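Each remark here refers to the structure printed beneath this line.
No value in this document is a laboratory result; all are computed from the given coordinates. Predicted model only: the values in this text are computed from it and were never measured.
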Amino acid sequence: MAKGTSAGIQPASVLRGIAELHGAHWLWVADLSKPEQLPVRILPLLMIATQLLVTKVTPSPAGADPRMARIMTLMPLVFGIVLYQQPSALMLYWVTSNLLQLAQQLWLGRRYA
């Protein structure tokens, strides 16, 4: 491995290299290969909010460690900070995934409660 390179794949570098995302827009996002060009980025905030909702509606296993519950509550905030500068396509994917997880958990909770 060359000096100064990373063993891991950086999601931003992969997404920025996809030609189909360059100039692709979605609602208020002008280019999905770049972070939102707003003073406050909405998609990372939506990602944090939806991930917190998924965490709240997902049942904890019996005998779960309360420290782990606190960690799981903090993880969306950590991800939001770390991924704040990432391309909008990644944030859009994550928000969509969270919304689908939320719908699935709510459906399963109603069906098997």
*Full-extension gain in nm, GLN104 to THR73, via 0.36 nm per residue minus C-alpha separation*: 9.2 nm
*What is the set of long-range amide H partners of GLU36 at a cut-off below 5 Å, with H atoms built 1.01 Å from backbone N?*
SER88
